[in-house]
Each structure stands twice: as structure tokens, then as C-alpha cells.
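Novice: Structure in C-alpha cells, see below.
The values are calculated or read from the model by the stated rules, or taken from the named source; none is laboratory data. Note that the coordinates shown come from a computational prediction; the quantities given were computed from them, not determined experimentally. Positions of Cβ are backbone-derived with ideal geometry, glycine not excepted, and every protein chain shown enters the neighbour counts. To get the accessible areas, we keep the full protein, side chains included, count just its heavy atoms, and leave off ligands, DNA and RNA. Shrake-Rupley method; radii C 1.70, N 1.55, O 1.52, S 1.80 Å.
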Amino acid sequence: MNDDLTIHTGKAAPDAAADRGWLLGHFKDPADPRHSEDVEIKWGVHPKGDARERWATAERRTALLVLISGRFRLEFPGRTVVLAEQGDYVLWGRGVDHSWYAEEDAVVLTVRWPSIPGYRVDEPEDRTGVTTSETSGPTPAEI
């Protein structure tokens, strides 16, 4: 028997809800088999009209986004990509700014690499005027 072999099962939607959609990455506890410093994986469930609050800039990772269902639009400087059929995907590299918009209820799978600790965008101010940010979970710059 190989003691290094770990098998972990789960369900993407409920497991992803604990970390803003992210299933795997550096932000998971090191004892969790879903901890990885090499890659991050997200199960993104986006209702129609859902959009990034602001563009992701100065990206330091490569990303692949695959449409599972719905219709999902990605905006890049000078280019728009619409994912409309199951399996449509887009890949972008380091340094490519981006934003997104769910044209219909959509489910997407995102893979990013490497998994970079500390990379995040602060969250917007709450009603008291205090800026909030995540301190233990994945980055709000999800995709």
C-alpha cells in the first residue's frame, strides 16, 4: 500500500461554496489533499447578470476557463470572448487583464497556475465605510 496516495471525493457546488468557488489551491489547509501550490481550480456558479466588480489586472498566473453550462462572456483589452456551447473554453496568460459577465445562468470551471499566496484584490467597502478583505480564503480575483 502506498501511504502517499490520497483519494478525496466531494461535490463541487457545496465544497466550492466554502472558498468562493475554489476547490483546490494554496489557500486550503496544508493537511487537506486539496492544498496545492502548483494549481488552483474553481467551480464557478454565476447567475444571469453576475459580473466582476472590477477588472483583474497585473495577473501573475495563466488561466483556463471552460464553460459547463449557460453563456459566459470574458472581456480582455481589445477583445471579447463569448462562451456559448458546453466545452467552449478560453486560455490566457500572465499579464493579461480581464473581466467577465454571465449573459445567462452559467457554470464554469477555471484552472489557474501557479497558486500564488497573497495574491488578492481587496473587497469593496461595507456600509460602515470600512474596507474588508479575505484573510484566509482564496482571492476575490477568481478568474
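Novice: What's the total number of residues in segment 25-41 that are open to solvent by 30 Å² or more (accessible area, probe 1.4 Å), in contact (Cβ under 8 Å) with a residue 24 or more places away in the chain and of a type outside the set (Asp, Glu)?
Specialist: Matching residues across segment 25-41 total 5.
Novice: Follow-up. In the set 56, 51, which member is surrounded by 15 or more Cβ atoms within 10 Å (Cβ to Cβ) and within 26 Å of residue 93 (Cα to Cα)? Before the answer, list the steps.
Specialist: Working: 51 fails: surrounded by 15 or more Cβ atoms within 10 Å (Cβ to Cβ).
Step by step, each of 56, 51 is checked, and only 56 is surrounded by 15 or more Cβ atoms within 10 Å (Cβ to Cβ) and within 26 Å of residue 93 (Cα to Cα).
Novice: Residues to consider are 7, 68; find the one that is loosely packed, with under 10 Cβ neighbours inside 10 Å, over 17 Å from residue 117 (Cα atoms) and either hydrophobic (A, V, I, L, M, F, W, C) or without any contact (Cβ under 8 Å) to a residue 12 or more places away in the chain (or both).
Specialist: Numbers: 68 fails: loosely packed, with under 10 Cβ neighbours inside 10 Å.
Answer to the check: 7.
Novice: Any idea which residue in segment 79-96 is least open to solvent (accessible area, probe 1.4 Å), counting only those that are touching a Phe, Trp or Tyr at 6+ places or on another chain (Cβ under 9 Å) and farther than 22 Å from residue 49 by Cβ?
Specialist: 92
Novice: Okay, moving on. Just one of 34, 52 is under 14 Å from the mean Cα position of the chain (by Cα), basic (Lys, Arg) and modelled with pLDDT under 95; which is it?
Specialist: Details: 34 fails: under 14 Å from the mean Cα position of the chain (by Cα).
Answer to the check: 52.
Novice: Which residues, counting only those in segment 12-33, are more than 13 Å from residue 44 (Cα to Cα) and either of a type in the set (Lys, Arg) or assigned to a helix (DSSP H, G or I) (or both)?
Specialist: Step one: list which residues in segment 12-33 are more than 13 Å from residue 44 (Cα to Cα), which gives 25-33.
Correct list: 28 only.
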